[in-house]
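Here's the structure, in structure tokens; my notes come after.
The values are calculated or read from the model by the stated rules, or taken from the named source; none is laboratory data. All of these numbers come straight from a predicted model, not from anything done at the bench. Reconstructed Cβ throughout: ideal geometry from the backbone, glycine too, with neighbour counts over all protein chains shown. These area figures cover heavy atoms from the full protein model, side chains too; ligands, DNA and RNA do not enter into them. Shrake-Rupley method; radii C 1.70, N 1.55, O 1.52, S 1.80 Å.
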Amino acid sequence: MKKFILLTFCALVLNASEIRVAAAANIGYVIDELKKEFLKDRSDDKIEVTLASSGKLNTQIKNGADYAIFMAANMNFANDLYKSGFSTKEAEIYTRGVLMMFSAKKRDLSRGLELLKDKDIHKIAVANIKTAPYGIAAYEAFKNAGVLKEIESKLVFAESISGVLPYALSAAEIGFIPKSALVGKDEYKEGSNFAAVDSKLYTPLDQGMILLKPYENDKLATDFYAFLKGEKAKAIFKTYGYE
């Protein structure tokens with residue numbers, strides 16, 4: 001009997017799998033829901049997620065970090081790994097992000113980015129404009145709207161997009177955040193606390209993911225990768241403010 005129990009336990013251990021996923025910080029608002037849906041019938045499997053700016057994660061992977069999937073906040077950081085030989089397949093779009101302008105204090109956000117030039121706007125929080133795609137998009141929008149020169153001295157930077165909202169709630173008057181960060185925050189109202197940045201002002205935030213070489217034949221990795229492209233994942237992303 002003891003031998004049977006031991007063999008059964010060993011079989012369960014052998015069947016259990018674990019992978020690590022590198023995900024852009026904006027995915028932090030939705031990743032738990034995605035994992036919950038995917039793993040509901042796979043109680044023995046485990047997915048560990050590391051959240052950071054896409055540029056930082058890209059560098060970690062190039063330096064040997066052991067990840068199965070890279071979920072970037074744009075296509076460039078994901079495809080850079082393909083071009084560098086870390087995957088045999090190009091990156092695929094798994095969702096599209098929406099850039100929002102946010103203020104804890106009620107303001108006339110219908111004025112768009114022109115509002116940023118107001119004298120009572122002293123600090124504008126954005127994510128890192130070199131490693132965080134939402135920061136890159138915000139900076140691009142400032143340039144294309146013709147306001148960058150007048151507001152550049154007001155910009156304060158968070159290492160990743162997840163640090164922007166806390167800053168906008170405490171020290172900055174305005175913050176540029178993903179729409180997903182607003183889910184569940186019903187105390188803030190569209191038009192007075194937040195508004196979408198004109199999508200014509202920045203390159204679409206098509207978020208790309210890539211399956212890394214050591215895991216291209218790993219069942220848990222390939223199953224989760226396929227799930228992220230499927231209808232259930234799309235529905236979850238939509239609920240969390242993605243397009």
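The table below gives the values:
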item	result
Exclusive hit being more than 30 Å from N79 (Cβ to Cβ) and in contact (Cβ under 8 Å) with a residue 40 or more places away in the chain, set E190, E173	E173
E33, sole failed condition from (1) part of a helix (DSSP H, G or I); (2) in contact with a strand residue (DSSP E or B) (Cβ under 9 Å, 6 or more places away or on another chain); (3) in contact (Cβ under 8 Å) with a residue 40 or more places away in the chain	(2)
Contacts under 9 angstrom Cβ, first residue in the stretch 193-204 being hydroxyl-bearing (S, T, Y), partner open to solvent by 80 Å² or more (accessible area, probe 1.4 Å), 6 or more apart	Y202/N144
N26, sole failed condition from (1) at pLDDT 95 or above; (2) open to solvent by less than 30 Å² (accessible area, probe 1.4 Å); (3) of a type in the set (S, T, N, Q)	(1)
Test: residue in the stretch 140-147 that is on the phi > 0 side of the Ramachandran plot and more than 15 Å from the chain's Cα centre (by Cα)	yes
Enumeration of residues in the stretch 91-134 that are among the charged types (D, E, K, R), in a loop (DSSP other than H, G, I, E, B) and surrounded by 13 or more Cβ atoms within 10 Å (Cβ to Cβ)	R107, D118, K123
Test result for A235, open to solvent by 30 Å² or more (accessible area, probe 1.4 Å), farther than 19 Å from M75 by Cα and small (G, A, S)	yes
The stretch 75-90, residues that are of a type in the set (S, T, N, Q), open to solvent by 20 Å² or more (accessible area, probe 1.4 Å) and part of a loop (DSSP other than H, G, I, E, B)	S84, T88
Residues within the stretch 193-215 that are open to solvent by 50 Å² or more (accessible area, probe 1.4 Å) and not polar (S, T, N, Q), tallied	6
Candidate set from the stretch 162-191 (those that are among the aliphatic types (A, V, I, L, M), out of contact with any Gly (no Cβ under 7 Å at 6 or more places or on another chain) and within 11 Å of N26 (Cα to Cα)); member that is surrounded by the most Cβ atoms within 10 Å (Cβ to Cβ)	I177
